[in-house]
Amino acid sequence: MNGSTGEVYLGEVETKPAEITGDFANLMALCDKYTKLVVRTNADTPHDAEIARQFGAVGIGLCRTEHMFFENEKIKAMREMILAETTEGREKALEKLLPFQKQDFYGILKAMDGCPVNIRLLDPPLHEFVPHDIEGQKTMADEMGVSVQKIQQRVNSLSEHNPMLGHRGCRLGNTYPEITAMQTRAILGAAVQLKREGFDPHPEIMVPLIGIVNEFDEQERVIRKVAKELFEQENIEVPFKVGTMIEIPRAALTADTIATKAEYFSFGTNDLTQMTFGYSRDDIATFLPVYLEKKILKVDPFQVLDQVGVGQLIDMAVQKGRNTRPELKCGICGEHGGEPTSVKFCHRVGLDYVSCSPYRVPIARLAAAQAKVEEA
């Protein structure tokens, strides 16, 4: 159907990507003239990055590396790493993953040439990468050359009572630093290759789920060590930053200490909302309709940022962080990054950028400009 004329066409019609033209292009140009808050995008593929750039995104605020592991050869190597019982065994499996990860990062950094790309290290618990049905476990056993019983034992050992608060994020990286080392090598290896080819990559490496500065310290040590070795080996250096995701309330409360190490903050407002309210994002649907009907909640806090509670933590963390490190860059990368009232709040508390899905970038750009105009 032609949305402009109402004409209906029989069969498949050749299409082309939407372009920002006419009044829309003029409006977006006007927004950029008045805005202070930068809009980045959440993107895990070069395709998404290119779309977001066409819509005016000036960087990536969140690139989730775990989404890259589920293709056939990648998931096999990932499962081999999970099944390994020694550091040497894990490193052997990670060597198989390295070229895949490097190619993924190469494509994304190239698509965002000249713009910052914030890449989050592995975040979800390992049980998300293994099959939980018997047929899937049999297939994995055949691929790994081990018994089904061994697969089941490993799957059972990965089970957690509360995985959202369990062995994930920086806790994984600190338990298995070889994972962080491989991902760092892939990110910076891709950046080095691009720089040699005449591009201008700006990688940012983000450590997730920090609650204690010592957690960040351990991960940063691994990252800097790998970077030093790689740059010496390649005889070329690429500037990069190491920052953290502020998504645990304790991290917000101790942001001044964390800023002694972290070069930037990115607020993961999805998890920060979960942990501040004590609501499970996966289970809130069981009571949210009643809460909205009875006006216990005015809005879904996972769609519209809670400015009183969660927002207070963000505001506090920004102030504390910049008291320690005045040039500290701060942004958000949760779903709230494309919601207009949340974007305006981010402007008011002095964030540098918001990040949202590619197709919400124009909405965020408009809201950012409105926030600046309303301030005047």
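Only one entry of ALA25, ALA52, ALA43, ALA29 meets the criterion of being within 19 Å of the chain's Cα centre (by Cα), farther than 30 Å from PRO131 by Cβ and modelled with pLDDT of 85 or more, and that entry is ALA52. In the stretch 73-91, the qualifying residues are those that are surrounded by fewer than 16 Cβ atoms within 10 Å (Cβ to Cβ) and β-branched (Val, Ile, Thr), and the one that is nearest to ARG120 (Cα to Cα) is THR87. Looking at the stretch 331-375 only, could you name the residues that are farther than 16 Å from ALA57 by Cβ and of a type in the set (Phe, Trp, Tyr)? Residue satisfying the conditions is PHE345 alone. Taking the criterion of being closer than 29 Å to LEU209 by Cβ, of a type outside the set (Ser, Thr, Tyr), in contact with a Phe, Trp or Tyr (Cβ under 8 Å, 6 or more places away or on another chain) and buried (at least 19 other Cβ atoms within 10 Å of the Cβ), would at least one residue in the stretch 98-108 satisfy it? No, every residue in the stretch 98-108 fails to be closer than 29 Å to LEU209 by Cβ, of a type outside the set (Ser, Thr, Tyr), in contact with a Phe, Trp or Tyr (Cβ under 8 Å, 6 or more places away or on another chain) and buried (at least 19 other Cβ atoms within 10 Å of the Cβ).
In the stretch 351-371, how many are under 10 Å from ALA52 (Cα atoms) and hydroxyl-bearing (Ser, Thr, Tyr)?
2
With a requirement of 1 or more residues that are surrounded by fewer than 19 Cβ atoms within 10 Å (Cβ to Cβ), touching a residue at least 12 places away in the same chain (Cβ under 8 Å) and touching a Phe, Trp or Tyr at 6+ places or on another chain (Cβ under 7 Å), the helices (runs of 4 or more DSSP H) lying completely within the stretch 241-309 that satisfy it span 269-277. Within the stretch 320-330, the set of residues being more than 20 Å from GLY56 (Cβ to Cβ) and touching a residue at least 24 places away in the same chain (Cβ under 8 Å) comprises LYS320, GLY321, ARG322, ASN323, THR324, ARG325, LEU328, CYS330.
Looking only at residues of the stretch 45-72 that are among the aromatic types (Phe, Trp, Tyr) and buried (at least 19 other Cβ atoms within 10 Å of the Cβ), we find that the one that is farthest from ARG360 (Cα to Cα) is PHE69. For the stretch 203-240: of the residues being β-branched (Val, Ile, Thr) and within 25 Å of ALA77 (Cα to Cα), which is surrounded by the fewest Cβ atoms within 10 Å (Cβ to Cβ)? Among those that are β-branched (Val, Ile, Thr) and within 25 Å of ALA77 (Cα to Cα), it is VAL222.
Looking at CYS31, CYS63, can you tell me which residue is in a helix (DSSP H, G or I) and touching a residue at least 24 places away in the same chain (Cβ under 8 Å)?
CYS31
Scanning for something charged (D, E, K, R), assigned to a loop (DSSP other than H, G, I, E, B) and in contact with a Ser or Thr (Cβ under 9 Å, 6 or more places away or on another chain), does the stretch 327-349 turn up at least one residue? No, the stretch 327-349 has no match at all. Of all the residues in the stretch 176-202, those that are outside any helix (DSSP H, G or I) and crowded, with 24+ Cβ neighbours inside 10 Å number 1.
The values are calculated or read from the model by the stated rules, or taken from the named source; none is laboratory data. In this text, all values refer to a predicted model and were calculated from it rather than measured experimentally. Glycine also receives a Cβ, built like all others from the backbone with ideal geometry; neighbour counts cover every protein chain displayed.
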